[in-house]
Amino acid sequence: MNRWTTSRSSTWSLPATKFGAIESLGFFEVNGSDGRHYSRTVPALPQWDFANYLDALLAAMKARGLTLDHFHIDFGYEGVHFDGGSGDRLDCGRVFGVEAACRARGVTPGVIVNAFHDTSVAKPGRETANREAREHTLRYLGEYLAQGGKGDELILQTWMPYPDRTGPKAIRTVCWDG
């Protein structure tokens, strides 16, 4: 039973395969859905416009007979906090701009919601770091939704160093248990 097929150019394919992409938005210049321009988060990086990047990716895939099914937006709590400016504000406008760019091109956007603990503390205690990472992740999700987020896909992710254990929701220093 051979489910793999190959073309004359020796490329492999599975008929039901869906291709997706994931990128950190901090690398890109992004136009928010409200018209605000968001610069890359590290000015020393080359200046890449997200819409141009997405168009180039889609064109390269089309030239190879492929389509992009989804784009997962990797811009965590620290990114939307950066975009919020000074203070404690979270700004999801960059995320909304990328969602709009994806939808306009027929690509399903997904938002990865994650956060670090307070990284200004050199050696946080485990309980504190677990609680902060959990609270930041949930705050990001809440703000995303409150600001009008309607993600086609939402990914709650905890790949960061904390929270480093799971358990019941009643324990505030663990990741949710699914």
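Every number here is computed from the coordinates shown, using simple stated rules; none is lab data. Computed from a prediction, not measured in an experiment: that's the story for all the values here. Here Cβ is always computed from backbone atoms with ideal geometry, including for glycine, and neighbour counts include all displayed protein chains.
With K and R counted +1 and D and E -1, the other residues having a Cβ less than 15 Å from that of GLY87 yield a net charge of -3. Packing here is the average count of other Cβ atoms within 10 Å per residue, and on that basis the peptides 130-137, 100-107, highest first, run 130-137, 100-107. Between LEU57 and ASP164, the modelled label-to-label distance comes to 3.3 nm, taking each label 7 Å out from Cα in the direction of the beta carbon. Normalising the average separation of contacting C-alpha pairs (under 8 angstrom, six or more residues apart) by the number of residues puts the relative contact order of region 19-156 at 25 percent.
The aspartates and glutamates whose alpha-carbon is closer than 17 Å to the alpha-carbon of LYS150, local same-chain residues fewer than 8 away aside, are ASP34, ASP74, ASP91, GLU99.
Based on the Cα coordinates of region 19-156, what is the per residue volume of their convex hull in Å³?
Given the Cα convex hull of region 19-156, per-residue volume reads 122 Å³.
The Cβ shell under 15 Å around LEU54 holds other residues with a net charge of -3, Lys and Arg each +1, Asp and Glu each -1.
Annotation: extensible slack from VAL42 through PHE19 equals 5.4 nm (criterion: 0.36 nm per residue apart, minus Cα-Cα distance). Here r is the Cβ-Cβ distance between ASP69 and ASP34 and R0 is 25 Å; the resulting FRET efficiency, rounded to 0.05, is 0.40.
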